[in-house]
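Enquirer: Before anything else, here's the structure in question.
The values are calculated or read from the model by the stated rules, or taken from the named source; none is laboratory data. Keep in mind that this is a model prediction, so the values were computed, not measured. Every residue, glycine among them, receives a Cβ derived from its backbone with ideal geometry; neighbour counts consider all protein chains shown. These accessible areas exclude ligands, DNA and RNA; they are computed on the full protein's heavy atoms, side chains included. Shrake-Rupley method; radii C 1.70, N 1.55, O 1.52, S 1.80 Å.
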Protein chains: 2
Amino acid sequence: MIKAAETGNDRSVTQTVRAQLALRDLVLRGELNPGERVSELQMVERLGVSRTPVRMALVRLEEEGLLEAIPSGGFSVKTFSEKEVFEAIEIRGTLEGLAARLAAERGASRTDLRNAADCLDAIDEVMRRNPADIDLLRYVELNARFHNILIGMADSQALARQLERVNALPFASPSALVPVQSRSPEMNYILSVAQDQHHCVLMAIERREGARAEAIMREHARIAHRNLERALTNQRDMELVPGSVLIKRRIRA
Amino acid sequence: MIKAAETGNDRSVTQTVRAQLALRDLVLRGELNPGERVSELQMVERLGVSRTPVRMALVRLEEEGLLEAIPSGGFSVKTFSEKEVFEAIEIRGTLEGLAARLAAERGASRTDLRNAADCLDAIDEVMRRNPADIDLLRYVELNARFHNILIGMADSQALARQLERVNALPFASPSALVPVQSRSPEMNYILSVAQDQHHCVLMAIERREGARAEAIMREHARIAHRNLERALTNQRDMELVPGSVLIKRRIRA
DNA sequence: CGCTTCTATTATGTATACATGATGCTCCAT
DNA sequence: ATGGAGCATCATGTATACATAATAGAAGCG
C-alpha cells in the first residue's frame with residue numbers, strides 16, 4: 001500500500017498539516033467516538049507520522065473547536081448539543097451581519113461588487129437552468145464563494161479571523177445545512193428566499209444602507225436554523241450534514 | 001538567581017503553560033520587537049525550558065492572535081494598525097451585544113442577576129466614595145467582573161469562547177482602555193455614562209428587552225473607541241494601554 | 001459480594017538529536 | 001561601488017527517548 005499517494009505525501013506539505021487534515025477528517029467522519037480520548041500513540045500508528053506532528057495537530061484542532069482539552073492532559077473529541085449548534089449559527093449570522101454593515105458603511109470596492117454580482121448571477125443561472133433537479137454541489141460552492149466575498153468586502157482581518165473560527169465548526173458554516181433541503185419539496189422555495197436575501201444585501205451594501213445589510217445577513221443565517229430543525233427530526237437528513245456525528249441529539253417524539 | 005520563585009516553577013504548572021505566560025508577557029511588554037521573528041532557541045535560553053514547550057506556546061499564542069505564522073516557518077510578533085484595533089473593539093461590542101440579547105431573551109438566572117446587581121453596587125460605591133480620586137484598579141476589576149457575568153448570563157459556551165478570543169487582544173478587552181481616562185478631566189463623566197449603561201443593560205435583561213440590551217452593549221463598547229482616539233493622540237496616555245507597543249501608530253498632526 | 005488498594009500499563013509532558021531548508025554574510029567579479 | 005554567487009550558520013520540522021502522572025485492572029480484604 002503506497003501511503004504517499006493516498007495522503008499526498010509530497011515534500012511541500014509538512015507532516016503537521018497532513019496530520020491535522022487527516023485527524024480532522026477522522027473526527028468529522030465519526031471514526032473517533034465523540035467524547036472519547038484521542039490517544040496520541042494510536043494516531044501515530046493510524047496516521048503514519050510521529051508524535052510531534054500529531055501533538056501539533058491536536059493542539060490546533062482544539063483551538064479550532066473540534067477537540068476539547070482533558071484536564072488531566074490530552075484531548076477528547078468534542079460533542080455538541082443542539083443548543084450549541086444553534087448558537088454557533090447565530091454567532092455566524094451576527095458576525096456576517098457586522099461584515100455586511102461595515103462593507104456598507106465603508107463602501108465596497110468596484111471589483112468586489114462586481115465579483116459579488118457575478119456570483120449571484122451564477123447562482124441565478126443554476127436555479128434557472130434546471131429547477132427540477134438543481135445542481136446542489138455547484139450551489140453550495142457558489143454560496144460559499146458569495147459569503148466569502150462579503151466577508152472580504154468588510155475589509156477586516158480581525159473579523160475574517162473570527163468568522164474563520166465559527167465556520168471551522170462544519171455544521172455552522174454557510175453552506176453546511178443546504179444539502180438538508182435536498183429531500184424537501186420546499187427546497188426551491190427556500191433557495192429562492194435565500195438568493196433573494198443575497199441580492200438584497202448586495203443592494204443594501206451598494207446603497208450604503210448599513211443597518212439593512214446587517215439585518216438581512218442576520219436573518220439569512222436563520223435559514224440554517226430552519227434547516228437544522230428539519231435535520232434534527234429526520235436522521236436521514238442529518239446524515240447529509242458534515243460533522244453531524246458530533247451532535248448529540250435530544251430524544252424526539 | 002532563583003528562577004523557581006520568579007516564574008512560579010512548581011510542579012502543578014506545566015512548562016508549556018509557563019512558557020505561554022512568559023512569552024505573552026514578553027510580547028505585551030514589547031521586549032520582542034513587533035514584526036520580528038521569534039526565535040525558538042532564543043526563547044529556550046530566555047525562558048529556561050526546552051524547545052518543545054516553547055513551540056507549543058508559540059502555536060497557542062498564534063491562535064490567540066498575538067503572533068503571526070511566517071510562511072517559511074516559525075512565528076513573528078504581530079503588529080496591529082489603528083483600524084484593526086477599532087475593529088476588534090467593534091467585534092467585542094457586537095458579541096457582547098449578542099450575549100446581552102440572548103440573556104434577555106432566554107432570561108437570566110436569579111443568582112446571575114443578583115451577582116450583576118451586586119457588582120454594579122460595588123462600582124457605584126467606588127465612584128461615590130472618593131470622586132476626586134477614583135480607585136481605578138478596583139474599577140477595572142469590577143468592570144471586568146460585570147462583563148464576565150454578562151457573558152455568563154448568555155449561557156453559551158460557543159459565544160464565551162469567541163469573546164475569549166477577542167479579549168485575548170489586550171487592547172480590545174472591556175477594561176483595557178479605561179486607564180486612559182485617568183488623565184482626562186472628563187473621566188468621572190465618562191465613567192458615569194459607562195456605569196449608567198451597565199445599569200440600563202441589566203434592567204433591559206431583567207425585563208426581557210433583547211433588542212435594547214443588545215443596542216446598549218454595542219454602544220457601550222464604543223466608549224472604548226473614544227478612549228482609543230484619545231490615546232492615539234497622546235503618547236503618554238498610550239503607555240497606559242496594555243499591549244500598546246503592538247499598535248503601529250499613524251503619523252498625527 | 002462489594003469495596004478498597006496496590007500494581008502494572010499506558011498516557012502525556014519534556015528534552016534532545018538529527019536533517020533539511022532558509023537566511024544572511026562574505027567574497028569575488030564586473 | 002555594486003550586484004551576484006557560494007557558503008556558512010542558524011532556524012525549524014521531525015522523530016524519539018525518558019520521566020512522571022493517570023488509569024484501569026486485578027487481587028485481597030472487609
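Enquirer: Collect residues whose amide H, placed 1.01 Å from N in the peptide plane, falls under 5 Å from the amide H of A:Lys78; neighbours closer than 5 in sequence don't count.
Expert: HN-HN under 5 Å from A:Lys78: A:Gly35, A:Leu67, A:Glu68.
Enquirer: Next question, about the same structure. For chain A, what is the relative contact order in percent, using Cα pairs closer than 8 Å and at least 6 residues apart in sequence?
Expert: 26 percent
Enquirer: ³J(HN,Hα) across the range B:218-235 via Karplus (A = 6.51, B = -1.76, C = 1.60, θ = phi - 60°), whole Hz, x for Gly/Pro?
Expert: In residue order, the calculated couplings are 5, 5, 4, 5, 6, 4, 4, 4, 4, 4, 4, 4, 4, 4, 5, 9, 9, 4 Hz.
Enquirer: Nearest 10 degrees, 0 to 90: what angle lies between the long axis of helix B:136-154 and the longest principal axis of chain B (Cα atoms)?
Expert: The angle comes out near 80 degrees.
Enquirer: Return the FRET efficiency for the residue pair A:Glu164, B:Asn130: r is the Cβ-Cβ distance, R0 is 60 Å, and the value is rounded to the nearest 0.05.
Expert: So, using R0 = 60 Å, E works out to roughly 0.85.
Enquirer: Next up: Note the distances from B:Pro170 to each other copy's matching label point, with points 7 Å along the Cα-to-beta-carbon direction, in nm, sorted shortest first.
Expert: For B:Pro170, the inter-copy label distances come out at 3.9 nm.
Enquirer: With +1 on each Lys and Arg Cβ and -1 on each Asp and Glu Cβ, how big is the dipole of chain A about its Cα centre, in debye rounded to the nearest 20?
Expert: Result for chain A is approximately 380 debye, rounded to the nearest 20.
Enquirer: Given a 1.4 Å probe and every protein chain left where it sits, what share in percent of the accessible area of chain B is carbon and sulfur?
Expert: 50 percent
Enquirer: Say each of A:Glu229 and B:Leu26 gets a label point 7 Å from the Cα, pointing the same way as Cα to Cβ; how far apart are those two points in nm?
Expert: Spacing of the two 7 Å Cα→Cβ label points: 5.3 nm.
Enquirer: What nm value, rounded to one decimal, do you get for the distance between B:Gln157 and A:Arg51 when each label is placed 7 Å out toward the C-beta?
Expert: 2.8 nm
Enquirer: Over the alpha carbons of the range A:81-248, what is the largest minus smallest coordinate on each principal axis, giving the biggest first in Å?
Expert: That gives 44, 36, 21 Å along the principal axes, largest extent first.
Enquirer: Here's something else I'd like to know. Measure out, as a whole number of angstrom, how far apart the alpha-carbon centroids of the range B:190-206 and the range B:41-73 sit.
Expert: A separation of 41 Å, based on Cα centres.
Enquirer: Mind listing the phi-derived Karplus ³J(HN,Hα) values for the range A:108-121, rounded to whole Hz, using 6.51, -1.76 and 1.60 with θ = phi - 60°, and x for any glycine or proline?
Expert: For the range A:108-121, the Karplus curve yields 8, 6, 4, 5, 4, 4, 5, 4, 4, 4, 4, 4, 5, 4 Hz.
Enquirer: Return the Cα extents of the range A:16-168 along principal axes one, two and three, sorted largest first, each rounded to a whole Å.
Expert: 51, 39, 31
Enquirer: Please determine, in degrees from 0 to 90 and to the nearest 10, the orientation of helix A:157-168 with respect to the longest principal axis defined by the Cα atoms of chain A, where the helix direction is its Cα long axis.
Expert: 60 degrees
Enquirer: Additional query: For the rotation bringing A onto B, which A residue has its Cβ nearest the axis, and at how many Å?
Expert: A:Glu63, 2
Enquirer: Pairing the Cα long axis of helix A:51-64 with the longest principal axis of chain A, what angle in degrees results, from 0 to 90 and rounded to the nearest 10?
Expert: 30 degrees
Enquirer: Run the label-point distances for B:Arg208 please: 7 Å along Cα to Cβ, every other copy, nanometres, shortest first.
Expert: Ordered by increasing distance: 4.0 nm.
Enquirer: I would also like to ask the following. Suppose you put the label 7 Å out from Cα in the Cβ direction; list, shortest first and in nm with one decimal, how far A:Gln235 is from each other copy's label.
Expert: The projected label point of A:Gln235 is separated from its counterparts by 7.0 nm.
Enquirer: Next question, about the same structure. Each residue of the range A:202-214 in turn: what ³J(HN,Hα) in whole Hz from Karplus with 6.51, -1.76, 1.60 and θ = phi - 60°, glycine and Pro shown as x?
Expert: 5, 4, 4, 5, 4, 8, 6, 8, x, 4, 5, 4, 5
Enquirer: Only counting protein heavy atoms at a 1.4 Å probe, give the residues of the range B:151-180, ordered by number, whose accessible area falls by 40 Å² or more when the other protein chains are present relative to the chain alone.
Expert: Those are B:Gln157, B:Ala158, B:Arg161, B:Gln162, B:Arg165, which lose 40 Å² or more relative to the chain on its own.
Enquirer: I'd like the interface area for chains B and A: accessible area of each alone minus the complex, both sides summed, 1.4 Å probe, protein heavy atoms only. What is it in Å² to the nearest 100?
Expert: Roughly 3000 Å².
Enquirer: Using the Cα centre as the reference, give the magnitude of the dipole from point charges on the C-beta atoms of the range B:137-239 (Lys, Arg: +1; Asp, Glu: -1; all else neutral), rounded to the nearest 20 debye.
Expert: 60 debye
Enquirer: A further question on this structure: Have a look at A:Ser109, A:Ser72, A:Ser39 and tell me which one the Gaussian network model of chain A (Cα, springs below 10 Å) gives the largest fluctuation.
Expert: Of A:Ser109, A:Ser72, A:Ser39, the most mobile in the Gaussian network model is A:Ser72.
Enquirer: After finding the eigenvalues of the alpha carbon gyration tensor for the protein assembly as shown, what semi-axes result from the square roots of 5 times each, listed largest first in whole Å?
Expert: 37, 32, 23
Enquirer: In chain A, which longest range has no GluC sites (Glu not before Pro) that are both DSSP loop (not H, G, I, E or B) and surrounded by at most 14 other Cβ atoms within 10 Å?
Expert: A:37-185
Enquirer: Follow-up question, since we're still on this one. What's the magnitude of the charge dipole for the range A:3-78 around its Cα centre, counting Lys and Arg as +1 and Asp and Glu as -1 at the beta-carbon? Answer in Debye, nearest 20.
Expert: 180 debye
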